[in-house]
Every structure is written in C-alpha cells, then in structure tokens.
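Q: Following this message is one structure expressed as structure tokens.
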Amino acid sequence: MARKSKAKAGGTPATVALEQDGAAFTVHAYAHDPAAASYGGEAAEALGTAPERVFKTLVADVDGALTVAVVPVAGSLDLKALASAAGGKRAAMADPAAAERTTGYVLGGISPLGQRKRLPTVVDVSALTHSTVFVSAGKRGLEVELAPQDLVRLTSADTAPIARIAAV
C-alpha cells in the first residue's frame, strides 16, 4: 500500500497519525450523500468493497467509561460482548455529543485513529481475517485502508468477538 501525503490525505488527525507512524495506508475518498441511511454501508458501496472489510467506529459507555468499538458495517455491535471484552459489566451507546467532543470527530466520520482523547478500544476479531480493512479517515466521505494489525497496534486495541453478523 502506498503512503499518502498529508495534503492528499486531507490532513485529518487520523491520516496525520498514520503518517507519523510510518504505517502503510491508502486513503479513499467518495462523494458522501447526506441522505444515506448508513455511513458505513454507503462507504462500502461507494468503494466497491465487501461490507465485511469496512469497519464502523462506535463509541459506547462501559460502566461509565467511554470505549471505542470497531465492528464491520455488515453487522452490529453486541453491547454485552463489548462490556465483557472491556472488563466491564454494562455497555450502552454513548451520548452522541460526548462521542464527538471526546474524539474530536463528527458522527459518521469518527475514526478509531487520531482521536482527541485516546479511548480504550476493542476491534472485532473478524478484522484479523482480512489483509486490509477500511475505517473512517476522520470525516464523512473519507476512508483509510490499512492492515488490521496496524489498526490494532496504533489504537492499542484489544480484539474480541464483539460484532453480531446477520446470517445471509
């Protein structure tokens, strides 16, 4: 994978973090439709990529602590599994304003990388089955493709089965 310069990558905190680390990544831009029902689904379709390789970044509250969950857009977050993986008892989706304020990103553009405040992160174990995965690059209509091992390393994430994938 090629590294993109900050200018080409849009210079988001996520791409700057990747640049500073020296990790291999590719930025993919697409025209975001504000009427799209699902940001992640829109990204997978616009990029012509299997939804199992495109991951959404969700912020949850685990026992009073904000925690990031990274799951495939083809599924949903299992809050019980996230709580367990994060060493907690209960998890609920975080208040959207708190998620935006803490991460420094807007909903639909929250990246697991380059967040304003580094939060505990859990990446669904399915990410490790792919050579590369896509996550938000920090704004709507911008995705970054990178090796899942780099995603886990750069976010100091744990991996666990935290996604519910619908049977086809």
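The values are calculated or read from the model by the stated rules, or taken from the named source; none is laboratory data. This structure is a prediction, so every number in the text was calculated from the model and none was measured. Neighbour counts run over all protein chains shown; Cβ positions are idealised from the backbone, glycine included. SASA here: full protein model, heavy atoms, side chains in, ligands and nucleic acids out. Shrake-Rupley method; radii C 1.70, N 1.55, O 1.52, S 1.80 Å.
Q: Please go through the stretch 121-138 and pick out each residue that is in contact with a helix residue (DSSP H, G or I) (Cβ under 9 Å, 6 or more places away or on another chain) and either of a type in the set (Phe, Trp, Tyr) or open to solvent by 30 Å² or more (accessible area, probe 1.4 Å) (or both).
A: Ser126, Leu128, Thr129, His130, Ser131, Phe134
Q: Does Gly22 qualify as being surrounded by fewer than 15 Cβ atoms within 10 Å (Cβ to Cβ), more than 13 Å from the chain's Cα centre (by Cα) and within 21 Å of Asp158 (Cα to Cα)? Lay out the reasoning, then the answer.
A: Details: surrounded by fewer than 15 Cβ atoms within 10 Å (Cβ to Cβ): yes; more than 13 Å from the chain's Cα centre (by Cα): yes; within 21 Å of Asp158 (Cα to Cα): no.
No, not satisfied.
Q: Still on this model: Report, by residue number, each residue of the stretch 133-150 that is over 10 Å from Ser111 (Cβ atoms) and among the hydrophobic types (A, V, I, L, M, F, W, C).
A: Quick first cut of the stretch 133-150, residues over 10 Å from Ser111 (Cβ atoms) only: 133-134, 140-141, 145-150.
Hits for the stretch 133-150 are Val133, Phe134, Leu146, Ala147.
Q: Continuing with the same structure: Could you grab me the full set of residues in the stretch 41-68 that are farther than 15 Å from Ala98 by Cβ and within 14 Å of the chain's Cα centre (by Cα)?
A: Within the stretch 41-68, Gly41, Ala43, Ala44, Pro51, Glu52, Arg53, Val54, Phe55, Lys56 meet the criteria.
Q: Would you mind finding the one in Thr103, Thr57 that is open to solvent by less than 10 Å² (accessible area, probe 1.4 Å), touching a residue at least 40 places away in the same chain (Cβ under 8 Å) and hydroxyl-bearing (Ser, Thr, Tyr)?
A: Details: Thr57 fails: open to solvent by less than 10 Å² (accessible area, probe 1.4 Å).
Criteria check complete, one pass: Thr103.
Q: Sort through Gly87, Gly64, Gly108 and tell me the only one that's buried (at least 19 other Cβ atoms within 10 Å of the Cβ), at positive phi and out of contact with any Pro (no Cβ under 6 Å at 6 or more places or on another chain). Before the answer, list the steps.
A: Details: Gly87 fails: buried (at least 19 other Cβ atoms within 10 Å of the Cβ); Gly64 fails: buried (at least 19 other Cβ atoms within 10 Å of the Cβ).
Matching residue, one of Gly87, Gly64, Gly108: Gly108.
Q: Okay, moving on. Inside the stretch 1-97, counting only helices (runs of 4 or more DSSP H) that do not spill past its ends, which hold 1 or more residues that are at pLDDT 95 or above? Quick ask: steps written out before the conclusion?
A: Values: elements: 6-9, 13-21, 39-47, 79-85.
In the stretch 1-97, the matching helices (runs of 4 or more DSSP H) lie at 13-21, 79-85.
Q: Follow-up. Can you pull out every residue in the stretch 142-168 that is out of contact with any helix residue (DSSP H, G or I) (no Cβ under 8 Å at 6 or more places or on another chain), open to solvent by less than 80 Å² (accessible area, probe 1.4 Å) and assigned to a loop (DSSP other than H, G, I, E, B)?
A: Ala147, Ser156, Ala166
Q: Something else about it: Just wondering, is there one or more residues in the stretch 102-113 that are of a type outside the set (Asp, Glu), at pLDDT 95 or above and part of a strand (DSSP E or B)?
A: Kept after step one, since they are of a type outside the set (Asp, Glu), are these residues of the stretch 102-113: 102-113.
Checking the rest, the ones that are also at pLDDT 95 or above come to 102-105, 110-113.
After this cut, where a residue has to be part of a strand (DSSP E or B) as well, the list is none.
Looking for residues that are of a type outside the set (Asp, Glu), at pLDDT 95 or above and part of a strand (DSSP E or B), one finds none in the stretch 102-113, hence no.
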